[in-house]
Amino acid sequence: MALLEIRNLHARIEDKEILKGVNLTVNAGEVHAIMGPNGSGKSTLASVLAGREDYEVTEGEVLYDGKNLLEMEADERAREGVFLAFQYPVELPGVNMATFLREALKAIREHRGLPPLEPAEFLRLLKEKAELVGLDPSLKQRSVNEGFSGGEKKRSEIFQLALLEPRLAILDETDSGLDIDALRTVADGVNKLRSHDRAFIVITHYQRLLNYIVPDYVHVMVDGRIVRSGDKNLALELEEKGYDWIREEIGLPA
Amino acid sequence: MATLTATSTRPEARFLHAFELQADTALNGSNAHLTTLRRKAIARFEALGFPGRKAEAWKYTPITRTLQHTYTIQPVPPLPKLSQADLAQAAIPELDAYWVVLVNGQFIPELSTPATALPQGVILTSLQHAAQAYPELFTTYFAQKLDYESDPFLALNLAFARDGFFLYLPPQTALDRPVHVVHWIEVDEDLFLQPHHVVVVAQEASLQLLYSGHSRSAARTFTNAVTELYIGRGAQVAHYDLRLENNTASGIYSTQAYLEQESQYTNHTLTLDGALVRNNVQVRFEGEAGEAHLYGLFLGRGTMHIDNHTMIDHAVPNCVSNELYKGILDDASTGVFNGKVLVRPHAQKTNAYQSNKSIVLTETARMYAKPELEIYADDVRCTHGAACGQLNEEGIFYLRARGLTVQKARALMLLAFARDVLDQIAVAPLRAYLDDLVAQRFGA
């Protein structure tokens with residue numbers, strides 16, 4: 001059974017249809033990259049999978065581990081092991097990072113039938129995971145994302161991923177706003193988290209990230225559909241030729 | 001006859017009648033100065049009357065309707081027997097404090113820190129005892145600056161007040177721990193209480209004063225309380241005022257602070273419970289280089305009505321005032337914030353900041369905010385901001401996307417909202433206690 005099975009997914013926000021029949025199968029252990037021009041629906045797909053309520057699914061289905069994902073609330077999906085690394089992590093002044101992560105980990109562990117970690121063990125884990133992405137562990141005393149630089153915010157998302165150990169991780173343009181060193185650190189972190197029972201969907205605008213996180217599959221999304229799939233070479237081709245040739249091939253105006 | 005009936009049902013009439021009936025006991029006969037003052041006050045109250053529906057200062061708070069209720073007006077309220085164990089509920093864990101207990105507005109010496117345990121020269125006693133034992137000191141301060149000419153509730157309190165606490169700190173005295181005043185309400189019949197407190201902090205002395213109000217009654221009460229604070233030159237006062245009464249307790253809590261040169265006053269008014277609560281915090285700078293910080297947190301639930309009126313009178317140049325009030329209104333509760341800043345014509349180099357932020361959680365909760373800046377000097381810096389909104393949905397989604405339930409996510413967000421007021425509390429055990437109370441309230 002596939003970990004994730006998206007069938008003919010249609011979604012809209014207000015009256016605007018954005019996803020127009022997405023099909024995608026992701027197996028545990030795989031890394032899928034989804035590329036595509038601005039406005040093609042990549043981030044919408046991530047949001048719909050994570051359970052953002054602004055979007056209305058009008059058609060199709062999504063099976064996660066055989067269960068109907070679309071019937072679950074956002075927090076239920078997270079506890080089931082779906083993780084979205086946000087493109088724009090929101091700043092939450094006054095919400096202490098350590099408190100937030102302790103609650104998140106507690107909720108997820110409880111769902112898995114595990115007791116909460118002892119405080120010392122939790123702190124040790126925070127330190128270990130922070131080092132994985134080159135984050136200063138003192139960030140646990142700060143408010144969630146508050147005053148974090150763009151790079152720190154992205155690292156913090158991967159840090160949370162490492163801590164919460166999801167089965168399906170969706171990275172929504174995690175590379176945007178990162179300089180080359182930060183990009184490499186973040187990619188190293190992700191690579192260390194790759195495993196046979198975890199899948200990644202890496203949404204990106206540029207091929208650059210895929211030099212570091214080498215995908216098993218590359219999909220091209222245009223106008224709300226996945227119009228082409230291939231291996232990592234497809235990303236190189238896109239880098240070279242841009243997206244217009246695909247639009248032309250599928251009969252859309254460039 | 002019809003006219004007479006109409007007049008006698010006005011709530012004011014009940015108070016005027018009670019005053020005449022109780023004149024002998026309520027007037028503290030031995031003190032001629034007090035007798036005259038009380039006569040003046042009741043006359044003033046009669047002339048002013050309770051605020052009508054058009055009174056601007058009471059626009060959003062139906063005080064006169066609340067006062068239609070027939071409360072018993074007694075000079076000496078009944079005194080239930082309370083033990084230390086009863087009062088343990090009012091104690092703040094880990095807080096070592098000088099302890100004052102008032103029950104139904106009356107000072108209870110047996111439950112309070114004895115005078116012998118206080119540092120030399122410090123007076124911490126009942127208002128009544130202070131009037132008798134320290135007549136000169138008492139007369140110098142009691143009601144000397146109280147604006148009962150224009151405020152009917154101050155006039156009413158002055159006419160009736162018999163007890164409360166009196167605290168005097170001599171010059172250059174720094175108490176080694178806070179003073180915790182517990183006001184405990186426990187009554188069997190609906191009662192009108194009017195305690196009156198006087199705090200005198202002489203020059204360069206410093207005080208941490210915590211006042212917490214509690215109630216344990218099914219009967220309704222209305223407390224019309226007055227606290228006068230005289231803060232001497234270079235003195236420092238941190239004042240924590242906690243409303244923890246239950247939903248049968250309404251009241252008007254008027255605090256008037258007078259600041260001499262180079263003094264500092266910090267007021268934290270935290271309203272977590274009650275029925276109808278009106279907090280009046282008034283600060284007047286009377287000497288240059290004074291500093292006042294006013295923090296407020298109000299959490300409405302049920303049909304609570306919480307009205308915060310602040311007034312900062314920059315009567316002299318070179319003073320700084322800073323206000324931060326935050327409210328969270330749930331269920332069908334109502335919040336009001338009215339922040340007045342008056343900068344008088346010669347009060348140059350004034351710095352005044354005011355911020356009020358509220359979250360309204362339901363369709364039936366209400367928030368009314370009104371900044372009121374009256375600036376008559378030209379070389380001043382004054383800013384104010386008011387914002388009212390809902391919880392940050394994007395923030396809630398972020399927390400839920402990490403597995404937190406919607407209840408937990410809301411709780412963390414609400415606690416975070418309250419955090420910057422709670423963080424201003426300098427007494428660590430008190431801050432921890434309130435952190436817990438607020439977290440429990442929201443289920444964090």
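Quick notes on this one:
- Test for A:Glu110: is it more than 24 Å from A:Val202 (Cβ to Cβ) and over 17 Å from the mean Cα position of the chain (by Cα): yes
- Any strands (runs of 3 or more DSSP E) falling wholly within the range B:133-219 and containing at least 3 residues that are touching a helix residue (DSSP H, G or I) at 6+ places or on another chain (Cβ under 7 Å): B:165-169, B:196-201, B:206-215
- A:Gly36 being more than 23 Å from B:Arg402 (Cβ to Cβ), more than 14 Å from chain B (Cβ to nearest Cβ) and crowded, with 17+ Cβ neighbours inside 10 Å: yes
- Just so you know, in the range A:116-131 the residues that are in a loop (DSSP other than H, G, I, E, B) and more than 14 Å from chain B (Cβ to nearest Cβ) include one that is surrounded by the fewest Cβ atoms within 10 Å (Cβ to Cβ), and it is A:Glu118.
- Among the residues making up the range A:72-98, a single one is hydrophobic (A, V, I, L, M, F, W, C), free of Cβ contacts under 8 Å to residues at least 40 places away in the same chain and more than 7 Å from chain B (Cβ to nearest Cβ): A:Met72.
- Within the range B:419-430, residues that are in contact (Cβ under 8 Å) with a residue 12 or more places away in the chain have Cβ atoms under 7 Å from residues that are of a type outside the set (Asp, Glu) and in a helix (DSSP H, G or I) in these pairs: B:Leu422/B:Arg431; B:Leu422/B:Leu434; B:Leu422/B:Val438; B:Ile425/B:Arg431; B:Ile425/B:Leu434, counting only partners at least 6 apart in sequence or on another chain.
- Scanning the range A:132-172 for residues that are within 14 Å of the chain's Cα centre (by Cα) and more than 14 Å from every other protein chain (Cβ to nearest Cβ) returns A:Lys154, A:Arg155.
- Only a single criterion out of (1) more than 9 Å from chain B (Cβ to nearest Cβ); (2) out of contact with any strand residue (DSSP E or B) (no Cβ under 7 Å at 6 or more places or on another chain); (3) surrounded by 17 or more Cβ atoms within 10 Å (Cβ to Cβ); (4) in a loop (DSSP other than H, G, I, E, B) is not satisfied by A:Gly113, namely (3).
- Strands (runs of 3 or more DSSP E) enclosed by the range A:167-254 - at least 3 residues per element that are buried (at least 22 other Cβ atoms within 10 Å of the Cβ) and hydrophobic (A, V, I, L, M, F, W, C): A:168-172, A:199-203, A:217-222
- Cross-chain or 6+ apart pairs with Cβ under 6 Å, the range A:49-65 first and within 14 Å of chain B (Cβ to nearest Cβ) and of a type in the set (A, V, I, L, M), then surrounded by 21 or more Cβ atoms within 10 Å (Cβ to Cβ) and in a loop (DSSP other than H, G, I, E, B): A:Ala50/B:Ala401
- Within the option set B:Phe138, B:Phe165, being hydrophobic (A, V, I, L, M, F, W, C) and either closer than 22 Å to B:Ser212 by Cβ or in contact with a His (Cβ under 6 Å, 6 or more places away or on another chain) (or both) holds for one residue only, B:Phe165.
- Residue in the range A:86-93 that is at pLDDT 95 or above and buried (at least 21 other Cβ atoms within 10 Å of the Cβ) present: yes
- Enumeration of residues in the range B:188-212 that are surrounded by fewer than 24 Cβ atoms within 10 Å (Cβ to Cβ) and either over 21 Å from B:Tyr134 (Cβ atoms) or charged (D, E, K, R) (or both): B:Asp188, B:Glu189, B:Asp190, B:Leu191, B:Glu204, B:Ser206, B:Gln208, B:Leu210, B:Ser212
- Output for the range A:140-166, where each listed residue is free of Cβ contacts under 8 Å to residues at least 60 places away in the same chain, buried (at least 19 other Cβ atoms within 10 Å of the Cβ) and in a loop (DSSP other than H, G, I, E, B): A:Asn145, A:Phe148
- Enumeration of residues in the range B:227-276 that are small (Gly, Ala, Ser) and not in a loop (DSSP other than H, G, I, E, B): B:Ala238, B:Ala249, B:Ser250, B:Gly251, B:Ser254, B:Ala257
The rows are residues; the columns are (1) under 21 Å from the mean Cα position of the chain (by Cα); (2) of a type outside the set (Phe, Trp, Tyr); (3) not assigned by TED's automatic domain parsing to the domain that holds B:Leu270.
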site	(1), (2), (3)
B:Tyr168	yes, no, no
B:Pro171	no, yes, no
B:Glu189	no, yes, no
B:His196	yes, yes, no
B:Ser215	yes, yes, no
B:Arg220	yes, yes, no
B:Thr223	yes, yes, no
B:Leu229	yes, yes, no
B:Ala235	yes, yes, no
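- Of all residues making up the range B:397-415, the number that are free of Cβ contacts under 8 Å to residues at least 12 places away in the same chain, part of a helix (DSSP H, G or I) and surrounded by fewer than 22 Cβ atoms within 10 Å (Cβ to Cβ): 1
The values are calculated or read from the model by the stated rules, or taken from the named source; none is laboratory data. Values in this document were obtained by computation on a predicted structure and should not be read as measured data. A quick note on method: Cβ atoms are made from the backbone with ideal geometry, for glycine too, and the neighbour counts reach across all protein chains shown.
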